[in-house]
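Asker: Starting off with a structure, shown below.
The values are calculated or read from the model by the stated rules, or taken from the named source; none is laboratory data. Given the structure is predicted, the values throughout are model-derived calculations rather than measurements. Note that each Cβ is placed from the backbone with ideal geometry, even for glycine, and that neighbours are counted across all protein chains shown.
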Amino acid sequence: MSELKEGVLGLFGGTFDPLHVAHLRLAIEAREALGLAGVCFIPAGNPALRDAPHCSAVHRLAMVERALAGVPGFSIDASEALAAAPGLSYTVDTLERQRRLHGDRRPLVLLLGADAFARFEAWHRWRELFALAHIAVATRPGHELKVMRSGTPGGGAGDTALDGEFAARRGIAADLADAPAGRIVPFAITALEISATAIRRRLAAGLSARYLVPDAVLDYIESHQIYRTPHGH
Ligand code: ATP
């Protein structure tokens, strides 16, 4: 079937304020662990449920573009970042758009870190996401999603609506190609305690972010003088 020839596509949304090496490792390891044909990075426009990004969507997109230039298997969907309407961006809208782009049958997998999955129930129209894509949750070795059902990082006591969805939808990588959407698949990645927040703090304090972000991102940050203050520029 042609849609299977195209393979399972990973969708990796984030603020990327800035993109850092843990983001890149998540995408690479997801590709390997889940057998993805590729990963499409989707920089958020104006994400709900968090403070406004410190730097503009144009800067954040430019950093992702520089980091991914020439890397096979990675692509970028700039439409959220470049949206003319400045409204909040919701993952459900992004997935609906991706679904229209790729047709009803291509398997799509939304890639999330475990911290993002822990907050999933707060997302706009979250239950509809399961009809639009699979969800793959990057966990650390030793923190399998069983842990998520009983407490951290799911945060619940094992009886939340999300816990119920997880129990019903739990799958393995091999399931992803069998359906266009609907599974929740945990996968282990190398643990890297790196966050964009900590990188912004370092930069605002005049400290180095080298090797926490790709060199091309660091060059961009320096040449555009961004993240020089704790509250953006
Ligand atoms: P911030 O510190 O500004 O909240 P962040 O570093 O968490 O940013 P985001 O752009 O918000 O980066 O994250 C995009 C996605 O990458 C989310 O799904 C998040 O869970 C995941 N992610 C970010 N950092 C890591 C990390 N160190 N290990 C695993 N996943 C991560």
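Asker: Just to be sure I understand, how many residues within region 6-55 are near the ligand (Cβ under 8 Å from one of its atoms), among the aliphatic types (A, V, I, L, M), closer than 20 Å to A204 by Cβ and out of contact with any Pro (no Cβ under 8 Å at 6 or more places or on another chain)?
Answerer: Final tally of qualifying residues: 1.
Asker: If I ask for residues that are touching a Phe, Trp or Tyr at 6+ places or on another chain (Cβ under 6 Å) and farther than 18 Å from V39 by Cα, which ones from region 100-142 would you list?
Answerer: Result: F120, H124, W126.
Asker: For region 218-225, does any single residue satisfy the condition of being within 12 Å of the ligand (Cβ to nearest atom) and either of a type in the set (V, I, T) or modelled with pLDDT of 95 or more (or both)?
Answerer: no
Asker: Next question, about the same structure. Residues to consider are I194, I199; find the one that is within 16 Å of the ligand (Cβ to nearest atom), modelled with pLDDT of 95 or more and more than 25 Å from D93 (Cβ to Cβ).
Answerer: Matching residue, one of I194, I199: I199.
Asker: Between a residue in region 209-226 that is within 14 Å of V58 (Cβ to Cβ) and any residue that is modelled with pLDDT under 95 and not hydroxyl-bearing (S, T, Y), which pairs come within a Cβ distance under 7 Å, given they are 6 or more apart or on different chains?
Answerer: As it stands, the answer is I226/C55; I226/H233, since those pairs meet every condition given.
Asker: Considering each residue of region 110-138, count those that are outside any loop (DSSP other than H, G, I, E, B), away from the ligand (no atom under 13 Å from the Cβ) and surrounded by 16 or more Cβ atoms within 10 Å (Cβ to Cβ), and give that number. Walk me through it before giving the result.
Answerer: Within region 110-138, the first condition is being outside any loop (DSSP other than H, G, I, E, B), and the residues that meet it are 110-118, 120-122, 126-132, 134-138.
Pick out the ones that are also away from the ligand (no atom under 13 Å from the Cβ) and you get 121-122, 126-132, 134.
Narrowing the set further to residues that are surrounded by 16 or more Cβ atoms within 10 Å (Cβ to Cβ) leaves 121, 126, 129-130, 132, 134.
Of the residues in that region, 6 qualify.
Asker: Contact list please: Cβ distance under 6 Å, first residue in region 14-38 and of a type in the set (S, T, N, Q), second residue in a loop (DSSP other than H, G, I, E, B) and near the ligand (Cβ under 10 Å from one of its atoms), pairs at least six apart or on different chains.
Answerer: Every condition considered, the pairs that remain are T15/A44; T15/P53.
Asker: When the residues of region 25-72 are narrowed to those that are closer than 18 Å to I226 by Cα and of a type in the set (D, E), which ends up surrounded by the most Cβ atoms within 10 Å (Cβ to Cβ)?
Answerer: Checked region 25-72; the qualifying residue surrounded by the most Cβ atoms within 10 Å (Cβ to Cβ) is E65.
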